[in-house]
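Input: a single structure, listed below in structure tokens.
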Amino acid sequence: MSYGTLLTSLENGIFTITVNRPDKLNALNKDVMNDLSSAMDEVYNNQEIRSVIITGAGPKSFVAGADIGEFIGLSANEGKALAIKGQSLFQRIEDCSKPVVASINGFALGGGCELAMSCHFRVAAENAKFGQPEVNLGLLPGYGGTQRLVQLIGKGRAMELLMTANMIDAPTALQYGLVNYVVPQEELLNKVRSILDIINTKAPLAIAGCIKAANAVWNEKLDGYETEINEFSAAFSTEDMKEGTGAFLEKRKPVFKGR
Ligand code: COA
């Protein structure tokens with residue numbers, strides 16, 4: 001499929017989604033949000049997609065936030081609808097059974113930081129900058145940022161970033177645990193691809209189980225330990241479990257089929 005505001009490509013099972021509004025620093029307007037939602041439908045439905053990279057076009061910005069121009073004149077109810085739609089999209093990214101990694105090539109501010117945080121983990125270029133500057137606009141994060149920032153970097157640091165609107169640079173994000181690696185910009189996509197190339201050799205249903213169980217830590221409706229038991233036990237009835245354990249005992253590489 002093709003999208004008006006996104007570039008997409010599928011190579012070796014890795015689906016790369018590039019938000020493509022570089023002249024607006026890839027700000028998330030309605031069209032981008034709708035296209036991202038359709039692209040996630042594609043991720044959920046296309047069996048050839050094993051894992052996903054989300055990044056931004058150009059050398060300067062991952063995503064510099066929600067499109068501020070679209071906020072003008074919104075009522076409280078319209079603001080609520082916007083937040084519900086944004087949270088639901090980002091929740092679908094977080095809940096995706098296939099690994100989704102943010103490749104952060106510059107500014108990840110506001111909704112951009114929230115988008116990055118909804119991914120399963122993050123890798124940043126040296127020029128990346130992170131922040132939740134909404135209080136500068138008389139707003140606060142509405143796409144899950146207050147929750148995921150606390151989860152990822154702890155309450156004290158999150159509170160400071162939320163209340164000051166300060167940006168942090170890539171080394172600080174690494175120190176905070178917001179990103180897993182910081183690499184030169186020209187190496188960024190290759191670094192993310194090399195991690196996904198490893199993940200894509202593993203058993204897809206087991207990967208999906210890891211995602212579900214790890215996400216359950218913050219899901220009040222689920223008991224994380226019970227989710228782990230359920231996912232662990234379900235794995236025993238998969239062909240991939242027989243293949244993985246058999247291959248180990250036969251001293252050969254497993255070939256997983258996602259069944
Ligand atoms: N929404 C709408 N447009 C945005 C945007 C956003 N979140 N972020 C950047 N843009 C636009 C700018 O308006 C500008 O458009 P123009 O060329 O038509 O005037 C273009 O992108 C380039 O941005 P500019 O501000 O000129 O770049 P800069 O290098 O001077 O500054 C930032 C970069 C990221 C510091 C600055 O753009 C900024 O503060 N953006 C808003 C960040 C924010 O508050 N995000 C949270 C929104 S809830």
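Can you tell me which residue in region 236-258 is nearest to the chain's Cα centre (by Cα), limited to those that are part of a helix (DSSP H, G or I) and hydrophobic (A, V, I, L, M, F, W, C)? Give the derivation first.
Step one: filter region 236-258 for residues part of a helix (DSSP H, G or I), giving 239-249.
So of that shortlist, the ones also hydrophobic (A, V, I, L, M, F, W, C) come out as 241, 247-249.
Numbers: MET241: 27, ALA247: 32, PHE248: 32, LEU249: 36 Å.
Taking the candidates together, the pick is MET241.
In region 99-113, which residues are within 11 Å of ALA27 (Cα to Cα) and not in a helix (DSSP H, G or I)?
Scanning region 99-113 gives PHE107, ALA108, LEU109, GLY110.
Specify which of the listed residues (ARG50, ARG21) is more than 14 Å from the ligand (Cβ to nearest atom) and out of contact with any Asp or Glu (no Cβ under 7 Å at 6 or more places or on another chain).
ARG50
Of all residues in region 215-247, count the ones that are loosely packed, with under 14 Cβ neighbours inside 10 Å and either assigned by TED's automatic domain parsing to the domain that holds TYR44 or of a type in the set (A, V, I, L, M) (or both).
2
In region 111-143, how many residues are touching a helix residue (DSSP H, G or I) at 6+ places or on another chain (Cβ under 6 Å), touching a residue at least 40 places away in the same chain (Cβ under 8 Å), open to solvent by less than 10 Å² (accessible area, probe 1.4 Å) and within 13 Å of the ligand (Cβ to nearest atom)?
The qualifying residues number 2.
Condition test on ASP67, is it within 18 Å of the chain's Cα centre (by Cα) and either assigned by TED's automatic domain parsing to the domain that holds ASN190 or among the β-branched types (Val, Ile, Thr) (or both)? Explain how you work it out, then say what you get.
Numbers: within 18 Å of the chain's Cα centre (by Cα): no; either assigned by TED's automatic domain parsing to the domain that holds ASN190 or among the β-branched types (Val, Ile, Thr) (or both): yes.
For ASP67, the condition - within 18 Å of the chain's Cα centre (by Cα) and either assigned by TED's automatic domain parsing to the domain that holds ASN190 or among the β-branched types (Val, Ile, Thr) (or both) - is not met.
Does GLY58 fit the bill of being more than 10 Å from the ligand (Cβ to nearest atom), small (Gly, Ala, Ser) and part of a loop (DSSP other than H, G, I, E, B)? Write out each step before concluding.
Numbers: more than 10 Å from the ligand (Cβ to nearest atom): yes; small (Gly, Ala, Ser): yes; part of a loop (DSSP other than H, G, I, E, B): yes.
Yes: the conditions hold for GLY58.
Please enumerate the residues belonging to region 144-158 that are touching a helix residue (DSSP H, G or I) at 6+ places or on another chain (Cβ under 8 Å) and either near the ligand (Cβ under 10 Å from one of its atoms) or part of a helix (DSSP H, G or I) (or both).
Scanning region 144-158 gives GLY145, THR146, GLN147, ARG148, LEU149, VAL150, GLN151, LEU152, ILE153, ARG157, ALA158.
Go through region 32-41 residue by residue and tally those that are of a type in the set (D, E, K, R) and either touching a Gly at 6+ places or on another chain (Cβ under 6 Å) or crowded, with 17+ Cβ neighbours inside 10 Å (or both). Outline the logic, then answer.
Taking region 32-41 and keeping what is of a type in the set (D, E, K, R), we get 35, 41.
Among the residues that remain, those that are also either touching a Gly at 6+ places or on another chain (Cβ under 6 Å) or crowded, with 17+ Cβ neighbours inside 10 Å (or both) are: 35.
Within region 32-41, residues that are of a type in the set (D, E, K, R) and either touching a Gly at 6+ places or on another chain (Cβ under 6 Å) or crowded, with 17+ Cβ neighbours inside 10 Å (or both) number 1.
I'm trying to understand the selection: among the residues of region 24-47, which are of a type outside the set (Gly, Ala, Ser), within 12 Å of the ligand (Cβ to nearest atom) and in a loop (DSSP other than H, G, I, E, B)?
Residues satisfying the conditions are LEU25, ASN26, ASN29.
For region 83-110, name all the residues that are among the aromatic types (Phe, Trp, Tyr) and open to solvent by 10 Å² or more (accessible area, probe 1.4 Å). Can you show your working first?
At the first step, the residues of region 83-110 found to be among the aromatic types (Phe, Trp, Tyr) are 90, 107.
PHE107, the sole residue that qualifies.
Just give me the residues in region 79-98 being of a type outside the set (A, V, I, L, M, F, W, C) and either assigned to a strand (DSSP E or B) or within 15 Å of the ligand (Cβ to nearest atom) (or both), in sequence order.
Filtering region 79-98 down to residues of a type outside the set (A, V, I, L, M, F, W, C) leaves 79-80, 85-88, 91-92, 94-95, 97-98.
Passing the criteria: GLY79, LYS85, GLY86, GLN87.
The values are calculated or read from the model by the stated rules, or taken from the named source; none is laboratory data. Since the model is a prediction, treat every value here as computed from it, not as a measurement. A quick note on method: Cβ atoms are made from the backbone with ideal geometry, for glycine too, and the neighbour counts reach across all protein chains shown. For accessibility, only protein heavy atoms count, side chains too; no ligands or nucleic acids. Shrake-Rupley method; radii C 1.70, N 1.55, O 1.52, S 1.80 Å.
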